[in-house]
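Colleague: Please see the structure below; I have some questions.
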Amino acid sequence: MEQRHLGRTGLRVSRIGLGTLTWGRDTDEHDAAECLKTFWEAGGTLVDTADVYGDGEAEYLLGRLMEGLVPRRDLVISTKAGSVPDPDRRFDGSRGHLLSALDASLSRLGTEYVDVWHVHAYDPYTPLEETLHALDLAVSTGRARYAGVSNFCGWQLAKAATWQLAAPGVRNRLASTQLEYSLVQRGIEREVLPAALDLGVGLLPSSPLGRGVLTGKYRGGTTPGDSRGASEHMAPFVAPYLDDAAGRIVDAVSTAADGLAVTPLQVALAWVRDRPGVAAPIVGARNARQLTAALSVEALSLPDEICRALDDVSEPVHRYPDHDWSTL
């Protein structure tokens, strides 16, 4: 699998990443092992997790699999911290919480360091400088090799990345940012993506298949029994992309797939993989069969005319101040 630099750093990652959101919940140890082995044998390196996935079970499971299945040195492990199970405060970006969470993640993973450590979301109740100081401490103490952020909007990412580049003292530039990005969710193109490109921050898109909708499995109002849309706890996650607007995009993806003699999954994943600024889409396959289907995209590059057609049908409405105000 082709390797790409993560942002403006020397770290190289596989251009498709393996997500572990369902590990320890919908994906058991056997399926997780099959996924990791399949990914590794295909040349994949980037494995993404978080301290809250499966209430820590995803990290624990990944750590166990690294003991006897896949060598730690062959993987680029990314994890996240900052989400908390508190209805009054969903995110805690305080230095104390973040560093404690990182130590707990390292214990579950059974490793002395993670390759990339992300703040899971912006915490409006903690000064951003304090949150970023935690990232610097993690890198300076060797517990993380690189640091990034997740779910930061445009101004938050720009402020954080600029602080790391311009503030006095030893600072570590942000390597990456992780957000949802797909043909049915292009909101980051408004401000986040331009900021990331300008500041040299690599983009790791989550849900690159539109939470599974872009595979075409829900066309015609059908909901396969083994899909996330049929799962009690995941159905609300899928529902926002089952509207008419998304349906038109899915139809266009399916038409393109038919013309290229490939699958809608391959078309949708190739589109986001090759967007400017993207380092590696994170694919959250629940089993090896789904992952193998996603990894088959490695040999596919979409023709320019297909990309333009998909761009047109999925173009988000961004008016003032993104467009020239005099034309509005």
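The values are calculated or read from the model by the stated rules, or taken from the named source; none is laboratory data. Computed from a predicted structure; not experimentally measured. Please note: Cβ atoms are built from the backbone with ideal geometry, for glycine as well, and neighbour counts cover all protein chains shown. Heavy atoms of the whole protein, side chains included, go into the accessibility calculation; ligands, DNA and RNA do not. Shrake-Rupley method; radii C 1.70, N 1.55, O 1.52, S 1.80 Å.
Colleague: Which shape class, rounded, prolate or oblate, goes with the range 3-85 when its Cα gyration tensor gives a ≥ b ≥ c as root eigenvalues, a/c under 1.5 marks rounded, and past that a/b bigger than b/c marks prolate?
Modeller: Oblate, since a/c reaches 1.5 and b/c is not below a/b.
Colleague: So what does MET1 come to for accessible area, using a 1.4 Å probe and Å² rounded to 10?
Modeller: Accessible area of MET1: about 60 Å².
Colleague: Hey, what do the phi angles of the range 170-185 turn into as Karplus ³J(HN,Hα) couplings, whole Hz, using 6.51/-1.76/1.60 and θ = phi - 60°, x for Gly and Pro?
Modeller: Each residue of the range 170-185 in turn: 7, 10, 10, 4, 5, 7, 7, 9, 10, 8, 6, 7, 6, 5, 9, 9 Hz.
Colleague: Taking the Cα centre of each part, how many Å lie between the range 257-275 and the range 125-162?
Modeller: Cα centroid to Cα centroid, the span is 34 Å.
Colleague: Suppose we take every Cα in the range 44-168 and form the convex hull; what volume per residue is that in Å³?
Modeller: Looking at the range 44-168, the number lands at 107 Å³ per residue.
Colleague: At q = 0.11, 0.12 Å⁻¹, what is the base-10 log of I(q)/I(0) for the range 170-328 according to the Debye formula with one equal point scatterer per Cα and no solvent? Please give it to two decimals.
Modeller: Ignoring solvent entirely, the Cα scatterers give -0.47, -0.55.
Colleague: Leaving out ligands, DNA and RNA, what percent of the accessible area of the chain is carbon and sulfur, probe 1.4 Å?
Modeller: 51
Colleague: If you don't mind, there's one more thing I want to ask. Under 24 Å Cα to Cα from LYS159, which lysines show up? Leave out anything in the same chain fewer than 8 places away.
Modeller: Answer for LYS159, where 24 Å is the Cα cut-off: LYS80, listed by chain and number.
Colleague: I'd like to know which of GLY110, LEU65, LEU128 lies farthest towards the positive end of the charge dipole of the range 33-140, counting +1 on Cβ of Lys and Arg and -1 on Cβ of Asp and Glu.
Modeller: Towards the positive end, the residue furthest out is LEU65.
Colleague: Note down the magnitude of the dipole of the chain about its Cα centre, charges +1 on Lys and Arg C-beta and -1 on Asp and Glu C-beta and zero elsewhere, to the nearest 20 debye.
Modeller: Here the chain has a charge dipole of around 520 debye.
Colleague: Once you list every other residue whose beta carbon is under 15 Å from the beta carbon of SER107, what net charge do they have if Lys and Arg are +1 and Asp and Glu are -1?
Modeller: -3
Colleague: Would you mind calculating the gained length between LYS37 and LEU165 on full extension (0.36 nm times residue separation, minus the Cα-Cα distance), in nm to one decimal?
Modeller: Extending this stretch completely gives an extra 42.3 nm.
Colleague: Okay, moving on. With the dipole of the chain worked out from charges on the C-beta (+1 for Lys and Arg, -1 for Asp and Glu) around the Cα centre, which of GLY247, VAL297, VAL213 lies farthest toward the positive end?
Modeller: Ranked along the dipole, the leading option is VAL297.
Colleague: Which whole-number percent gives the relative contact order of the chain, counting Cα pairs below 8 Å spaced six or more residues apart?
Modeller: Over the chain, the number comes to 19 percent.
Colleague: Report, ordered by chain and residue number, the aspartates and glutamates lying within cross-link reach of LYS37, taken as a straight Cα distance under 19 Å and ignoring same-chain residues fewer than 8 apart.
Modeller: GLU2, ASP26, ASP28, GLU29, ASP48, GLU57, GLU59, GLU67, ASP74, GLU298
Colleague: Could you name the aspartates and glutamates whose alpha carbon sits less than 18 Å from that of LYS217, not counting residues in the same chain fewer than 8 places away?
Modeller: Output for LYS217: ASP226, GLU232, ASP243, ASP244, ASP251, ASP258.
Colleague: For the chain, what is the accessible area per residue in Å² when the probe is 1.4 Å?
Modeller: 44
Colleague: Still on this structure, please answer the following. When only Cα pairs under 8 Å and 6 or more residues apart are kept, what is the percent relative contact order across the range 1-135?
Modeller: Relative contact order of the range 1-135: 21 percent.
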